[in-house]
Amino acid sequence: MLQKTSRGYADRGERFGKLPPRGSPNGAEWTLIQYATAKIGAILVNINPAYRVHELEYVLNQAGVRLLVSAQSFKSSDYAAMVAEVRPAASLAAVAVERCTSLYGVPTMFIAELDHPDFDSFDLRWMRTGDLAVMDADGYVSITGRIKDMVIRGGENIYPREIEEFLYTHPDILDAQVIGVPDQRYGEELMAWIRMREGAEALTAEALREFCTGKLAHYKIPRYVHIVAEFPMTVTGKIRKVEMRQTAEKLLNLDEQR
């Protein structure tokens, strides 16, 4: 293990005169790091695990640190977030190289990364989630849907989430999902899959249209309605809208119209 650790440092170019510091509570790793750095002739700088952001930044700058070995966290100290705040460029570089798909940290960490003057130089294009969102005047973001779920009807962009939220206001609707189905005239039309409350009479397309008229723009009113007991789901509990679209085309005989 000592040989592997030493070789790992050497492969990163950590030779004499470069400083790999250590900031973490006592553990078996400490012994390995101490002997490994001594074996390759590197200088080990110990950092007090109780340090906070300002103190950490000061010692890293003063010691000319090139490599930091640290625990993820300990008690009330989130070392990963502290390092990200002090060295946002290093965090962004790691995200880009490792193609991270999920980031965790405190708000100040993300603010430091977003404010970095070279933020645009990091290749983070692959990190797009596909979520649609709106931001209010106070900077709070609300997810409104998914790009792949957006319906384009006659040149109008329609976001199913907005219509679903409105349909929930109907007293007899327990749940609703809105999808786009092919249409020869408009490109796509809206179809609402609806779960009714127990004992409620099934809604027709006409009844739903009447409920929506005057409350939604005409192009946002679903043309088709399909009443179901359950929605098709994945093993993780997500609604399978792709499967719903495939089923809808068969129910509406859209395959024959193409």
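A few remarks follow.
- Packing-based order for 68-76, 186-194, using average beta carbon neighbours within 10 Å, highest first: 186-194, 68-76
- Net lengthening on full extension, VAL242/ALA205 (0.36 nm per residue, minus Cα-Cα): 11.1 nm
- The chain pair-distance distribution - Cα-Cα, 5 Å bins, rounded %: 1, 5, 9, 11, 11, 10, 7, 6, 6, 7, 6, 6, 6, 5, 2, 0, 0
- With helices as the sole contributors, the chain gives -10000 deg cm²/dmol at 222 nm; each DSSP H run of n ≥ 4 counts as -39500 (n - 2.57), and the sum is divided by every residue.
- Lysine-lysine proximity count for the chain, Cα under 16 Å, sequence distance 8 or more or distinct chains: 5
- For the chain, the longest principal axis of the Cα atoms and the long axis of helix 28-40 meet at an angle of about 60 degrees.
- Relative contact order for the chain: 10 percent, from Cα pairs under 8 Å spaced at least 6 residues apart, divided by residue count.
- Among THR236, THR247, the ranking by other beta carbons within 10 Å of each residue's beta carbon, starting with the fewest, stands as THR236, THR247.
- Relative packing of peptides 153-159, 38-44 - highest average C-beta neighbours within 10 Å first: 38-44, 153-159
- Rg over Rh, two decimals, region 147-257 (C-alpha only, Kirkwood Rh): 0.94
- Rounded tilt (10° steps) of 53-63 against the dominant C-alpha axis of the chain: 40
- Between SER76 and THR101, the FRET efficiency estimated from the beta carbon spacing at R0 = 22 angstrom works out to 0.20.
Read-outs: derived from the displayed coordinates by stated rules, not from any lab. Small disclaimer: the values here were computed from a predicted structure and weren't measured. No Cβ is skipped: glycine too gets one built from the backbone with ideal geometry, and neighbour counts run over all protein chains shown.
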